[in-house]
Amino acid sequence: MDMRQVRGLRAGLAEFVADVFGSLPRRDQREKGDCYLRGLMLEGRRKSIDAMASRLPDGNTQNLQQFVSASTWDPVPVRRRIAERLLPLVRADAWAIDDVSFPKDGRMSVAVAPQYCGALGKQANCQVAVSVHAVSDTASCPLQWRLFLPPEWDTDMERRLRTGVPDAVRHREKWQLALDALDEVTGWGMRPPVVVADAGYGQNALFRAGLAERGLDHVVAIRGDAVVHPASAAPTTLAWSGRGRRSAARYREPAVAVAALAAAHGRDAFVDVTWRRGSRGPMRSRFLRLRVRPAGKTVGRLAREAAGADGGSWDGVLPEVGLLVQWPVDAELPTDYWLFDLPGEMSTAEVVRLAKIRWRIEHDYREMKHGLGLDHFEGRSWSGWHHHVTLVTAAHAFLTERRLSPKAPTRASRSTGSSTRSKAS
């Protein structure tokens with residue numbers, strides 16, 4: 001946006017800030033929040049604090065630095081209020097789990113380490129954050145963020161102290177951070193209609209079990225080497241000879257990789273499915289839908305644990321879920337795989353639409369990175385990073401509201417007790 005456009009939004013933005021940042025105790029903090037959001041939305045190649053302050057008539061580098069990096073305001077109530085405002089507008093069909101990386105120089109930025117950097121497509125020095133987004137085919141918005149703390153940061157007291165990492169924060173795997181983020185948002189009284197995730201999460205049996213334990217419907221991608229039994233397979237127990245231990249119930253046929261299972265059905269088993277209309281016309285491909293029982297050591301261990309302390313009462317039956325496979329017409333073999341646990345007899349087209357709906361969050365990342373400076377923050381602290389991503393989320397939410405319903409009244413906030421009405425400028 002140019003300066004004229006930003007000025008035209010001042011009244012609506014002021015009302016948005018008063019509501020979303022209503023948990024901030026001081027008026028001057030909310031004014032700095034307003035200023036920071038205008039800086040993020042204003043056109044400019046860099047969205048560092050110095051660059052933004054230089055473009056704004058009321059920009060003050062020192063004030064903005066203090067507000068983002070040193071102030072003690074809590075970003076959680078801000079994110080909650082954003083979620084309260086945006087969920088009714090987005091009308092999410094699913095909540096998508098993803099992660100995003102931020103390449104960094106040096107080793108003193110919080111949570112930085114040599115690790116896989118999706119932004120560069122290789123191992124590099126970077127930060128990684130796990131995010132949860134509400135998504136539909138027409139809109140999306142981030143709901144929650146978790147900064148991934150690499151294992152080496154657990155014992156590096158110098159960097160922890162310099163960056164202000166809270167004592168209670170320790171390394172947790174990304175799939176655990178994703179479940180933590182879901183728990184926090186559901187703790188606000190909001191529940192995902194369906195959880196979707198890529199194979200980085202879906203391949204992990206512990207993550208899938210965490211979703212199932214929470215009673216969350218889900219569609220998650222897996223790799224072709226994930227192993228399953230057909231749903232019709234059943235464990236058996238060998239006859240006891242009268243000596244030694246009785247044999248445990250188990251599947252006598254080995255589990256098979258989903259890639260091999262799908263290919264064995266042949267092309268003729270796949271059906272044409274159209275799941276949405278894209279910019280170039282209907283999106284369609286060929287899919288196969290099966291019922292399977294995911295296998296593997298972790299899956300078996302979790303099933304035994306669910307049966308009791310020692311697993312002695314386990315009948316050997318593995319849980320049953322759906323498997324969706326894509327085999328495009330021009331591909332020699334199947335290309336994509338998903339496990340799903342959804343209610344009722346949902347149509348295959350709807351299952352495919354949910355499996356594919358993660359495309360929408362690429363709009364979030366593109367706008368937040370290229371337009372709103374998500375990865376331009378130059379501070380190093382734990383609180384500064386969380387303040388910055390919350391402010392970027394707020395700017396993204398404001399622009400999303402303007403696109404979806406510029407004159408719609410907001411609901412009363414359960415987190416702040418406030419209520420506002422957005423007005424078109």
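The values are calculated or read from the model by the stated rules, or taken from the named source; none is laboratory data. Everything quoted here is computed from the prediction, not taken from an experiment. All Cβ positions, even for glycine, are placed from backbone atoms using ideal geometry, and neighbour counts span all protein chains on display. Note: areas computed on protein heavy atoms with side chains; ligands, DNA, RNA excluded. Shrake-Rupley method; radii C 1.70, N 1.55, O 1.52, S 1.80 Å.
Summary table
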{"read-out": "Any hit, segment 93-111, residues being modelled with pLDDT of 95 or more, assigned to a loop (DSSP other than H, G, I, E, B), under 20 Å from the mean Cα position of the chain (by Cα) and not polar (S, T, N, Q)", "value": "yes"}
{"read-out": "Single residue of segment 53-70 satisfying the filter (touching a residue at least 60 places away in the same chain (Cβ under 8 Å) and open to solvent by less than 10 Å² (accessible area, probe 1.4 Å)) that is farthest from Gly164 (Cα to Cα)", "value": "Phe67"}
{"read-out": "Meets criteria (at pLDDT 95 or above and either aromatic (Phe, Trp, Tyr) or farther than 19 Å from His388 by Cβ (or both)) for Ala18", "value": "yes"}
{"read-out": "Residues within segment 87-114 that are among the polar types (S, T, N, Q) and either over 27 Å from His218 (Cβ atoms) or surrounded by 22 or more Cβ atoms within 10 Å (Cβ to Cβ) (or both), tallied", "value": "1"}
{"read-out": "Hey, Leu179 more than 20 Å from Val90 (Cβ to Cβ) and either part of a helix (DSSP H, G or I) or aromatic (Phe, Trp, Tyr) (or both) or not", "value": "yes"}
{"read-out": "Candidates Val132, Val196, Val165, Val169, filtered to the one that is assigned to a loop (DSSP other than H, G, I, E, B) and buried (at least 20 other Cβ atoms within 10 Å of the Cβ)", "value": "Val165"}
{"read-out": "Count of segment 1-52 residues which are assigned to a helix (DSSP H, G or I), basic (Lys, Arg) and buried (at least 16 other Cβ atoms within 10 Å of the Cβ)", "value": "3"}
{"read-out": "Verdict on Arg146 being in a strand (DSSP E or B), free of Cβ contacts under 8 Å to residues at least 60 places away in the same chain and open to solvent by 10 Å² or more (accessible area, probe 1.4 Å)", "value": "yes"}
{"read-out": "Some residue of segment 115-127 being assigned to a helix (DSSP H, G or I) and either modelled with pLDDT of 95 or more or buried (at least 16 other Cβ atoms within 10 Å of the Cβ) (or both)", "value": "no"}
{"read-out": "Residue within segment 71-82 that is in contact (Cβ under 8 Å) with a residue 40 or more places away in the chain, over 19 Å from the mean Cα position of the chain (by Cα) and under 17 Å from Gly373 (Cβ atoms) present", "value": "no"}
{"read-out": "Wholly enclosed helices (runs of 4 or more DSSP H) of segment 298-417 bearing at least 1 residues at pLDDT 95 or above and crowded, with 21+ Cβ neighbours inside 10 Å", "value": "348-356, 382-404"}
{"read-out": "Flag for Glu84 being of a type outside the set (A, V, I, L, M, F, W, C), open to solvent by 20 Å² or more (accessible area, probe 1.4 Å) and either outside any loop (DSSP other than H, G, I, E, B) or on the phi > 0 side of the Ramachandran plot (or both)", "value": "no"}
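Residues are listed down the side, and each one gets a yes or a no for (1) in contact with a His (Cβ under 8 Å, 6 or more places away or on another chain); (2) within 17 Å of Val194 (Cα to Cα):
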residue	(1), (2)
Phe67	yes, no
Pro75	yes, no
Val78	no, no
Ile82	no, no
Val90	no, yes
Ala96	yes, yes
Val100	no, no
Lys104	no, no
Ser109	no, no
